Every structure is written in C-alpha cells, then in structure tokens.
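Data first, discussion second: the structure below is written as structure tokens.
Laboratory data are not the source of any read-out in this text; all were calculated from the coordinates shown. Bear in mind the structure is a predicted one, so any value in this text is a computation, not a measurement. Here the Cβ positions follow ideal geometry from the backbone for every residue, glycine too, while neighbour counts run over all protein chains shown.
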Amino acid sequence: MITSNIKALLIEDNKTHVDLIMDLLSESKRVKTSLETAGSFQQAQQLILANKYDLILADLSLPDSRYNETLKKLTKLVKETPIVAITSLEDQDTINGMIKDGAEDCIPKTQLNTELLDKTMIYSIDRYRKGYIARQRTSELECLAEKARLISWRADARTWRFTHVSQSAVEILGYPLEAWFADNFWVEHIHPDDRAWAIDYCLRRIATSENHEFEYRMIAANGDVVWLHDIVNVVREENGPMYLQGFMVDITGRKQLETDLRRLNESLERRVAERTKELRNANEELRVEAAKRNLFEKALKGSEEKLRAILDNTTSVIYIKDREGRYTFINRQFEKLFHLKREELVGKTPYDCFPREIAISHLENDQKVFAAKTSMEFDEAALHDDGTVHTYISVKFPLVDFSGAVYAVCGISTDITERKRTEDELTSALVEKNKHIQDMKHLLEFSAFMKGEIREDAIMKHLSRVLKKRFRPDFLVMLMHCKDSNVIEVAFVDPAIPLDKVIKQDCILNPALCRVMRTGHTVVVKDVNKEPCCDNLLLGMKEGGYICIPMMASCGVTGTVLVVKKERDYWRNEEEQRLVSAYVTLTASAIENVRLVNQTKQLSITDALTGVYNKRFFIESIEKQLSFAKRYGEPVSIMVVEIDHFKEFNDTHGHYAGDKVLQQISKMLKDFVRTSDIVCRYGGKEFSIAMPKTSIPAALEKANTILRHVGSVGFDTPASKEPVKMAINIGLASFPEHGAEYDTLLCALESAVTKARNNGGKRVETP
C-alpha cells in the first residue's frame with residue numbers, strides 16, 4: 001500500500017547507480033516517488049532553483065564538486081528540504097561528519113535496498129519537519145520557577161519517588177525538602193477527595209507516555225488546602241517511560257478569586273431577583289389599582305402612598321418614563337444620588353441629567369423595551385456628582401393601560417460598579433497567570449528541543465523562530481564571536497540587511513568594543529529617546545527600545561542576541577526581559593554541548609602530535625574501503641612511508657627536533673594526496689596512506705613524487721646550523737594484486753618496506 005508521495009531529486013553522475021536507485025524506488029510498496037536526476041552540481045542547482053522537492057538524494061563526489069564542497073553548497077542552496085547522502089564510505093565517523101555538515105541521514109551504497117531506502121526517505125522527511133523532543137533544564141529556568149511560585153520537580157516514572165524538588169516547595173507547602181524524597185510522599189499528601197481520581201488519571205497518561213496537566217489539592221504542613229496546577233512531561237527511553245518532570249503552579253489565589261466571584265454573582269442574582277419580584281408585585285398592584293381607579297379613588301390614593309413609601313425606601317434607583325423619554329416618576333434614591341428634586345425632573349428627559357452619550361444609550365434601551373413589550377435587562381452608565389462614572393444593572397419593563405397599550409417604561413437600576421471592578425481585576429489576574437503558565441510550558445518545550453539537537457545551525461534557526469513568534473520583534477539579530485579570526489560573524493538577521501548596516505566595522509573586527517561581549521552583562525534600553533544607546537549600532541532607531549543579551553559558555557561570551565521593539569516602554573516589563581534571557585541562555589548551553597561532543601569525537605580519531613588520523617581510524621577505514629572495492633571491482637592502494645634512521649636522528653638532535661620532523665612530513669603527505677585519500681600516523685616513525693580507486697601505476701607515480709620531495713627538503717634542528725636531510729622508505733601494496741584482505745595486504749606492505757630498506761633505502765618498493 002502506498003503511504004507517501006514524494007517528489008525527490010537524485011544527484012548522481014554514475015548511470016549504474018542511477019538505474020539501481022530508480023529500480024529500487026519502483027519496487028517500493030510504501031513510497032510513490034516522482035524522481036528527477038542530475039549528473040553534476042551545476043545541473044542540480046538549476047533544478048533546485050526551478051522546483052520544490054520533498055527530498056534530495058545526493059552522491060557528494062561529483063565531476064564539478066567534491067564531498068565537502070558539495071554538502072556545504074547544497075545546505076546553502078536548500079533551506080526547507082532534507083538531504084540524504086548516498087556515499088561510498090561506510091565508517092560511522094565519516095557518516096557523522098556528513099550529518100554534522102548538514103545531511104539529514106546517510107546511506108552507504110553497499111547497503112542500498114528498497115526497504116532501507118523507503119525507511120530512510122520517510123524518516124528523514126518526518127524528522128526534518130517535526131524535530132526531536134528531549135528534556136533539559138537549566139539554572140535560568142529554575143530561577144524563573146522559584147520567582148513565580150512554581151515548584152519544579154523530577155520523579156521516577158515507575159515509583160513516583162521524587163529525585164528533584166525546587167526550594168520553592170518549602171515556601172508553598174511548608175514541608176522540608178528532605179520529606180519530599182520519601183516513598184509515596186505525593187500520594188499521601190493529596191487531598192482525600194482528589195486522591196483516587198488524580199492517581200488514576202496519572203497512571204493512564206504515563207502508560208501511554210502522554211504529556212499532561214491537571215488541577216488538584218494538596219494538604220500543606222500547617223493543614224491548609226493548597227490548589228496546584230501540575231504540568232507533567234513524560235520522558236521516554238527504549239524501555240518505556242523513565243522519569244517525569246514538570247512544574248506545580250500554586251493557583252490557590254486564583255481558585256479563591258473564582259470562589260469569591262461566584263459568590264458575588266450569586267448574591268447579585270439573588271438581589272436582582274428580589275428586586276425584580278418586588279417590582280413585578282408593585283406593577284401588578286398598579287395595574288389592579290388603575291382598573292379600579294374610578295370606583296376606588298380614595299383607596300387608590302392610599303395604595304399609591306404605600307407604594308411610594310416602598311419605592312422611596314429601597315437602595316435601588318427607580319423611575320418611570322413615557323414614550324417620549326420624559327420622566328414621570330423618580331424615587332428618593334434617584335434624588336439622593338443625582339441631586340435632583342422630583343418636582344424639578346418630572347417632564348424632563350435624560351438629556352437634562354446626564355452627558356449626551358449616556359442619555360442616548362438610556363433612551364435607546366427604553367425603545368427596545370417599547371418594541372419588545374417585555375421585561376429586559378441592560379448594563380447602563382451614570383455620571384455621579386463626584387465626576388465618576390458608575391455602572392448599573394437596569395431591569396426595565398413596559399407599563400400598559402386598560403386597553404393593553406404600552407404607555408411608559410419603568411426601570412429599576414442597581415449600582416454594580418464595585419462588582420464590575422472586582423470582575424475586571426479577577427479577569428486580568430487570570431489572564432496574567434495563564435500567560436505565565438504558557439510561557440513556562442513553552443520554555444520547557446524549547447529546552448527539550450535544544451537538548452536533542454546536534455546541529456548549531458538548527459539550534460540558531462529554532463531560537464529565531466521562537467523569538468519571532470513570542471516577542472514579534474521589529475528587528476532581530478544574532479551575532480557569534482569567531483575565536484579563530486577574532487571577528488564578529490552574523491548568525492541570523494531579520495529583516496535581512498548587510499551586517500555593516502547593523503553594527504560598525506570597527507566592532508566587527510574588534511569584538512572587545514562590544515560592551516556585552518566584553519562584560520557578559522545584558523544591556524536593556526527601554527526608551528532610545530531617554531537613555532544612551534550603544535555607539536556601535538547603526539540601526540538609526542527613533543522610538544522604542546532594545547535588549548542585548550550575551551550567549552554565555554564556560555569559556556566566556558560566544559555571541560549576542562539583539563531584540564528590538566519599536567513599541568514604547570515594552571522592555572520596562574521585567575518578566576519579558578527574564579523570559580527572552582532564558583531562551584538565549586538555553587540556546588548558549590545547547591551550542592556549547594554540541595561543540596564539546598564534536599570536539600570529543602574528533603580527538604578520538606586524531607593523532608595528537610601530527611594532527612592526522614590515528615592507526616585505529618586507518619584500520620577501520622581500510623577494511624570498509626576493501627569491502628567497497630570488492631563489491632564494485634575497483635582498486636585500492638596502500639602506502640607505508642617509513643622515516644629511515646629516525647632513532648639515530650632522535651639520539652643526535654633530540655626528541656623535540658624529531659617531533660618537528662614528524663609534523664613537517666605529515667603536512668607534506670597531506671599536501672600531496674587527494675581529499676579522498678586518508679593519511680594516518682601508523683607507528684612511531686611510520687605513516688600510512690589509503691588511496692581508493694588507485695591502481696599500482698598511479699600509486700607508484702604518487703609514491704615517487706613524495707620520495708623526491710621529502711628527500712629534497714632540509715629540516716631545521718636546534719643542534720645543527722645547517723638543515724638536515726631526511727631519507728624515507730616507501731612500501732606499496734594494492735588490492736587485488738597483493739591480497740584481498742587487510743591482513744594479507746599488511747604482510748605485503750611490511751615485505752615491501754623491508755625490501756626498500758634492505759635495498760639501500762630512499763626508494764619505493766612493492767612486494
């Protein structure tokens with residue numbers, strides 16, 4: 001069954017390999033591939049610029065581009081497409097080097113088959129798009145958690161026993177930190193009403209390795225009930241969930257605010273219901289009395305006086321307006337609040353009492369009641385004599401005469417200003433709390449991504465994406481300090497402009513002029529019109545501000561990140577400052593880890609004195625080259641270069657001079673071979689050179705060239721006034737002429753070197 005449709009470009013100059021790959025793809029039952037081919041880098045470049053591909057399959061050794069050049073040019077050319085290298089080399093270090101230089105994956109040509117090709121293509125595309133998920137915490141994140149009443153924690157996924165709890169746990173729940181590390185601490189301190197469902201919920205989520213979050217109660221050391229919002233990340237390894245890590249956010253205050261708001265709303269609803277009931281009862285009495293007006297004039301007068309007494313003693317504002325909006329009745333509370341006498345207001349409209357905008361709103365609501373002929377509720381504003389605008393909830397209903405016609409509208413308005421203020425404060429607090437929780441979640445996700453990434457460029461790209469999405473900067477630049485050349489290099493600029501338009505040329509050439517790189521301290525300019533700006537910046541900012549953050553490593557400052565916001569006073573928010581600094585700190589730590597890993601790998605395969613590969617690497621490489629040569633019927637030649645009479649040289653001139661000779665000869669050998677050839681230090685005075693796809697005649701020509709050059713060079717020594725000439729012996733063996741296995745070729749090489757030595761030295765010999 002076809003599961004994927006992939007448009008791919010194959011870069012390969014060997015027609016046999018092209019046909020093989022096309023045959024393998026045609027046999028696939030999982031992948032339907034639309035394949036285009038290019039036989040050179042120039043042809044591939046034209047196709048890439050003209051088309052969009054899901055995947056690029058590339059042989060890095062091309063007629064117009066060699067391995068290291070090909071991969072570098074491809075990674076610059078394609079920005080959103082994964083590259084899978086198809087290589088003749090099979091050693092893991094070479095493959096790791098390709099992945100480091102930008103390849104998403106590598107397939108040795110010797111291992112090509114339909115299943116491997118399918119899996120590699122699908123996996124590479126999926127991995128390139130989704131990225132890796134991992135977990136890492138840093139001290140900056142921990143600091144932020146402590147200041148925000150968060151408990152950062154880590155626990156075993158199987159036993160639920162805590163292995164780490166932040167100091168803020170003592171402040172929030174009152175238990176000493178050592179108590180948290182006891183068995184079943186969390187389970188035993190969950191509120192009894194929440195214990196069963198919380199445990200069941202966590203068990204189900206951990207079983208499926210789902211990240212989750214939930215709210216529950218815990219009992220504090222003093223007996224208080226504390227509400228927590230728990231954000232949990234499940235860290236999985238090969239054998240399943242290994243550990244849990246996350247944040248417990250103290251939301252007790254929020255829960256209390258929610259409870260208070262609910263009670264306030266319930267109280268208001270009761271009050272409104274009571275007032276509405278009173279008004280309806282009063283309205284019913286009015287209608288009854290109106291029907292009996294002519295017969296019971298005297299009784300009606302008494303009822304009106306009774307009703308007036310009720311209306312005048314309520315705390316709500318009560319009024320009646322006719323269809324023209326004129327007041328026909330107001331109660332005593334209306335007179336008291338707005339300092340208007342009843343006899344003065346009767347016959348006037350809201351225009352005589354309130355500002356024009358408020359009056360228009362009141363009259364529009366009255367007309368809605370006239371049109372609907374039913375009771376309606378509105379939020380209305382009223383200006384008090386102290387100059388403040390209060391908010392009222394107004395229940396308005398129509399008054400009808402004996403014929404059923406609506407002749408007036410009656411309103412009962414209750415001041416809810418204080419309730420609205422409380423609601424707004426609670427809403428604002430909840431929004432800010434939720435924003436902080438989301439920021440913590442995003443930081444955790446960012447940290448996890450950085451821990452699993454192995455490429456510096458991917459780390460910097462991810463940082464730029466996150467900063468642009470979260471902070472929406474008007475300008476963003478990332479600068480790196482190149483220690484080899486001691487200059488500043490740009491890693492990312494948005495919008496894209498030349499570096500010399502961002503900072504001064506003097507600062508680029510002398511990083512010490514940058515205060516952030518020199519001191520390692522963050523610089524915040526909140527308003528460019530009120531605070532001095534950096535003299536090195538050439539952005540020409542007229543408003544807003546910026547923050548410039550150092551990327552700190554164990555060796556010092558490795559770069560800076562500049563985030564510019566034209567929004568005035570944006571960087572006065574210290575939470576925003578701490579958040580962007582946390583992102584930069586995590587990035588710097590991730591880059592340092594990647595560099596340390598790469599440095600360690602390189603040291604394991606390199607001779608410390610000469611800088612060429614060591615013997616172990618040579619043995620692994622030659623065995624793989626022999627396997628490849630057997631498969632494709634291509635020759636492989638091996639050369640051993642022996643320094644003649646090297647012991648006597650050391651005894652005469654000293655080991656320091658001997659080390660210098662070894663270093664010079666290793667450099668000469670590297671200069672005289674191809675990039676595909678492998679130069680190694682094989683022994684104390686011996687070097688070996690593996691030359692794939694090289695026949696005996698070609699190898700002999702190369703060996704004689706090396707012999708003549710080394711013999712013609714004079715080597716300076718502290719003990720000799722004149723340069724000293726060195727002699728070398730070269731043994732040469734080739735597959736398949738002198739053997740098909742490494743051990744056989746090694747014996748042949750030793751025989752050839754011995755032959756060269758016994759024949760007087762300074763010569764090239766084969767077995």
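Below, the figures for the structure above:
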read-out: The chain: angle of helix 356-372 to the longest principal axis, Cα-based, in degrees nearest 10; value: 70
read-out: Mean projection area, nm², convex hull over Cα of region 470-552; value: 5.7
read-out: Region 363-414-region 726-758 distance, computed between alpha-carbon centres (Å); value: 108
read-out: Highest-first arrangement of 426-439, 682-695, where packing means the average Cβ count within 10 Å; value: 682-695, 426-439
read-out: Estimated Rh, region 88-127: Kirkwood, alpha-carbon pairs, angstrom; value: 10.7
read-out: From the coordinates shown, Cα extents along the principal axes in Å corresponds to which of [x] 79, 73, 54; [y] 149, 64, 60; [z] 80, 79, 49; value: [y]
read-out: Calculated P(r) of region 509-634 - Cα pairs past 19 Å, %; value: 65
read-out: Equivalent ellipsoid, region 4-130 (semi-axes from 5 times Cα gyration tensor eigenvalues, Å); value: 19, 16, 16
read-out: Filter on K73/K468; K483/K504; K100/K451; K73/K630; K277/K373 - keep pairs with C-alpha separation over 21 Å; value: K73/K468; K73/K630
read-out: Kirkwood Rh (inverse of mean 1/r, distinct Cα pairs), region 362-418, angstrom; value: 12.2
read-out: Angle in degrees between helix 742-758 and the longest Cα principal axis of the chain, rounded to the nearest 10; value: 40
read-out: At 0.890 mPa s and 25 °C, Stokes D of region 139-250 from Kirkwood alpha-carbon radius, µm² per second; value: 172
read-out: Charge dipole magnitude, Cβ of K and R +1, D and E -1 - the chain, Cα centre, debye nearest 20; value: 800
read-out: Spatial extent of region 533-579: Rg and Dmax, with the Cα atoms as the point set, Å; value: 12.4, 37
read-out: For region 474-633, size of Cβ-based charge dipole, Lys and Arg +1, Asp and Glu -1, in debye; value: 560
read-out: Translational diffusion of region 615-765, µm² s⁻¹ [Kirkwood Rh, Cα pairs; Stokes-Einstein; 20 °C; 1.002 mPa s]; value: 136
read-out: Cβ-placed point charges (K, R +1; D, E -1), dipole of region 664-717 about Cα centre in debye, nearest 20; value: 100
read-out: Positive-end residue, region 615-765 charge dipole about Cα centroid, Cβ charges, pick of N758, V661, I619; value: V661
read-out: Cβ-based exposure ranking for Y546, Y570, Y175, in which fewest neighbours within 10 Å come first; value: Y175, Y570, Y546
read-out: Degrees between helix 15-26 axis and first principal axis of the chain (Cα, 0 to 90, nearest 10); value: 40
read-out: Of S734, Y351, L116, farthest towards positive along the dipole that unit charges on Lys, Arg, Asp, Glu beta carbons give the chain; value: Y351
read-out: Tail beyond 11 Å, pair distance distribution of region 165-210 (Cα, percent); value: 71
read-out: Furthest towards positive pole of dipole, V710, M450, S152, structure part the chain, Cβ charges; value: V710
